[in-house]
1. Would you tally the residues in the stretch 67-81 being open to solvent by 30 Å² or more (accessible area, probe 1.4 Å) and under 15 Å from the mean Cα position of the chain (by Cα)?
2. Are any residues in the stretch 154-183 within 14 Å of Asn22 (Cβ to Cβ), open to solvent by less than 60 Å² (accessible area, probe 1.4 Å) and not in a loop (DSSP other than H, G, I, E, B), and if so, which ones?
3. Taking the options Lys107, Lys64, name whichever one is more than 21 Å from Leu165 (Cα to Cα), open to solvent by 60 Å² or more (accessible area, probe 1.4 Å), basic (Lys, Arg) and without any contact (Cβ under 8 Å) to a residue 40 or more places away in the chain.
4. Scan the stretch 31-46 and report the pairs whose first residue is of a type in the set (A, V, I, L, M, F, W, C) and whose second residue is part of a loop (DSSP other than H, G, I, E, B), with Cβ atoms within less than 8 Å and a gap of 6+ or a chain change.
5. Evaluate the following for Arg134: is it touching a His at 6+ places or on another chain (Cβ under 7 Å) and open to solvent by 40 Å² or more (accessible area, probe 1.4 Å)?
6. If you take the residues of the stretch 99-122 that are in a helix (DSSP H, G or I) and of a type in the set (Asp, Glu), which of them is nearest to the chain's Cα centre (by Cα)?
7. Any residue at all in the stretch 140-153 that is in contact with a Gly (Cβ under 8 Å, 6 or more places away or on another chain), assigned to a loop (DSSP other than H, G, I, E, B) and either open to solvent by less than 50 Å² (accessible area, probe 1.4 Å) or under 25 Å from Gly44 (Cβ atoms) (or both)?
8. I'd like to check something: does the stretch 140-148 contain any residue that is of a type in the set (Gly, Ala, Ser) and within 23 Å of Cys36 (Cβ to Cβ)?
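The values are calculated or read from the model by the stated rules, or taken from the named source; none is laboratory data. Predicted, not measured: the structure shown is a model, and the values here were computed from it. We place every Cβ from the backbone using ideal geometry, glycine too, and count neighbours over all the protein chains shown. Ligands, DNA and RNA are stripped out before the accessible areas are found, and what is left, the full protein with its side chains, is counted by its heavy atoms. Shrake-Rupley method; radii C 1.70, N 1.55, O 1.52, S 1.80 Å.
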Amino acid sequence: MKGKFLIDNIKLMIKRAINFQNKVPISKIYYSRKKCYVNEGFGGQQIILSPIYRFFKEYIHGDKQMAIEAFCDWYRDQFNKYHNVSKKFGGMYMGSLYRLVIENHRKAHQEFSNVKEANLEIVEISIRQRVAQRFALADQIIEEAYEVNFSDPITAIKKKGKYFLQGGHHRVCILAAMGEKFIPKVYIKR
């Protein structure tokens, strides 16, 4: 059984290595075309046209506090609109912010069965926590450089020379805002 497990892991590593593409130009990276993103006007557009890119650009090259507040405002608006829409469609239902809202309600010993019953103060705390984590990631990449994480790679679907992101949106936006021209490795999903 141990040998089969080892062989399966080696096969998986080889498959992943084959599906990784090196030095993908940021100019060819597009936001995924999920319904909510398209509704908001940045789905299917170049990554540098997304609001998240603008927040990181402002944070890195401008006013950090203004970037934090703008990201919080945007996140709050998106959560209000899409809290009950599946991640499959670009919504936030059971996404990282949604799960954090649930977790923070539990920590506060408050019942939470749906967002309409949520304590708005806890939602705001959750938004600020998540935004702080996003900018902490930016600080880490700025200070330590971007390190490819093979267990959580930047993923995309390649169509007609364009790369539509499926995962790693924040990391790509940070690298683009830093002025990088390429993403070192992108895992191409089929």
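1. Kept after step one, since they are open to solvent by 30 Å² or more (accessible area, probe 1.4 Å), are these residues of the stretch 67-81: 68-70, 73-74, 76-77, 80-81.
Among the residues that remain, those that are also under 15 Å from the mean Cα position of the chain (by Cα) are: 74.
The number of residues fulfilling the criteria is 1.
2. Within the stretch 154-183, Ala156, Tyr163, Ile183 qualify.
3. On the way: Lys64 fails: without any contact (Cβ under 8 Å) to a residue 40 or more places away in the chain.
Answer to the selection: Lys107.
4. Final answer for the pair search is Cys36/Gly43; Cys36/Val85; Cys36/Gly90; Cys36/Gly91; Val38/Gly44; Val38/Gly90; Phe42/Tyr31; Phe42/Ser50.
5. Values: touching a His at 6+ places or on another chain (Cβ under 7 Å): yes; open to solvent by 40 Å² or more (accessible area, probe 1.4 Å): yes.
In short, yes.
6. First, pick out the residues of the stretch 99-122 that are in a helix (DSSP H, G or I): 99-107, 115-117, 120-122.
Filter once more, keeping what is of a type in the set (Asp, Glu): 103, 117, 121.
Numbers: Glu103: 20, Glu117: 26, Glu121: 24 Å.
Looking at residues that are in a helix (DSSP H, G or I) and of a type in the set (Asp, Glu), I get Glu103.
7. Yes, the conditions are met somewhere in the stretch 140-153.
8. Here is the first cut: in the stretch 140-148, the residues of a type in the set (Gly, Ala, Ser) are 145.
Still in the running and within 23 Å of Cys36 (Cβ to Cβ): none.
Scanning the stretch 140-148 turns up no residue that is of a type in the set (Gly, Ala, Ser) and within 23 Å of Cys36 (Cβ to Cβ).
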